[in-house]
Amino acid sequence: MAEQSRSGRIRGTGKRRKRRSGRAKALTATAWAAAGVVLLGGTGLGYVYLKLDGNLQGIDINTRLGTDRPADVDNGSMDILVLGSDSRSGDNARYGEDEGGARSDTAMVLHVYEGHKKASVVSIPRDTLIQRPACASDSGAGTVSGGRHRMFNTAYEVGGPVCAVKTVEKMSGIRMDHYIEVDFTGFKRLIDDLGGVEITTSRPIDDDKSRLHLKPGTHTLDGEKSLGLVRTRKSVGDGSDLGRIQLQQAFMKALIDQVKDVGVLTSPKKLYDLADSATKTVTTDSDLASVKELAGFASGLKGIGADDMNMVTLPVRYDPADLNRVLPLQRQSRQVWEALRQDRPVPAAATKDSAGDRGDAGEIVAGG
């Protein structure tokens, strides 16, 4: 059938030419906001549950995927697929022309280790050519065939979150416990409600496509500028999406460092505004689609700081037939996924020869 466009549980150096956009995830901000709402609920503001629960959108991934999944190994670790869709519809239209369907421009597998004191993040380049499985179409009208050498981000386009989860599970052999998705507008709103993110740039950033122009030095970025930063690629590294991933990872670390110091638990209004934005921003699997469940999820993340999080990019090489695409380095990729399956740190040797491990784009930005 032709490809069609689309409109868990908690457990104890080549140049690219194609123009597209991405963003980082405010995952920890979302979880922290939800946890704070629960704390305030105990002091008499429990009525906010109903409104905030109504903001959340959930997708029953477990039921739709059925039993054709990796084993559910309950060893105290947790795996979450974090995606950003690139839809240009609605409030996102200002960031470009809608090309017929949303795709997953940014994809991260977050592995929280047993004990929930450390985590690893594996970024999957959106243009990675992979074996995509057959998926039910996101519209529900039949099945979309899979095949070899399909771009990773087309899984979301043809089958939505369910196909994205299925594709990652087939690639990694790891069952995803949860799914979280954020879009352009929601990302901006979260950063603004947090009061901005302070970063320090070591070199100028001038990128007309992302509309970001920063001199070297320390800056407090509002939502619009933060979005520009995580969309930037032309002026960092080799201009490819791999350089942008490094920039996104650096920004995410700066965000995590600051999100616990914004005073939301001492300001009911700030807390409510942040929680309202957070719950409007995310789409989750159905097991997380309530304030209570998000708060439980948050309790498993709140002890993890930026220094406790190892961020890597899936080992890849540029496709010699098309420098706009990358191919997984099979042996090294297996090492990455096997380490997470065994709840072990990702070995440094696994990313040593990867195109995503070259360059210094991630060193341009640090927390302020």
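The values are calculated or read from the model by the stated rules, or taken from the named source; none is laboratory data. Bear in mind the structure is a predicted one, so any value in this text is a computation, not a measurement. A quick note on method: Cβ atoms are made from the backbone with ideal geometry, for glycine too, and the neighbour counts reach across all protein chains shown. The accessibility values were calculated without ligands, DNA or RNA, using every heavy atom of the protein model including side chains. Shrake-Rupley method; radii C 1.70, N 1.55, O 1.52, S 1.80 Å.
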Test result for Arg148, surrounded by fewer than 19 Cβ atoms within 10 Å (Cβ to Cβ) and either part of a strand (DSSP E or B) or among the charged types (D, E, K, R) (or both):
yes
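Is it true that some residue in region 167-182 is assigned to a loop (DSSP other than H, G, I, E, B), within 30 Å of Ile130 (Cα to Cα) and acidic (Asp, Glu)? I'd like the intermediate steps shown before the answer.
Here is the first cut: in region 167-182, the ones assigned to a loop (DSSP other than H, G, I, E, B) are 173-177.
Right, trim to within 30 Å of Ile130 (Cα to Cα) and you get 173-177.
From the residues that got through so far, the ones that are acidic (Asp, Glu) too are 177.
Yes, that holds for at least one residue.
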Would you check if there is a residue in region 327-342 being more than 21 Å from Asp72 (Cα to Cα), assigned to a strand (DSSP E or B) and under 20 Å from the mean Cα position of the chain (by Cα)?
yes
Failed item in (1) over 19 Å from the mean Cα position of the chain (by Cα); (2) assigned to a strand (DSSP E or B); (3) not basic (Lys, Arg), with Val312 passing the rest:
(1)
Yes or no: Arg126 in contact with a strand residue (DSSP E or B) (Cβ under 7 Å, 6 or more places away or on another chain) and modelled with pLDDT of 85 or more?
yes
Can you go through Thr167, Thr200, Thr154, Thr128 and tell me which one is open to solvent by less than 40 Å² (accessible area, probe 1.4 Å), under 30 Å from Glu363 (Cβ atoms) and polar (S, T, N, Q)?
Thr128
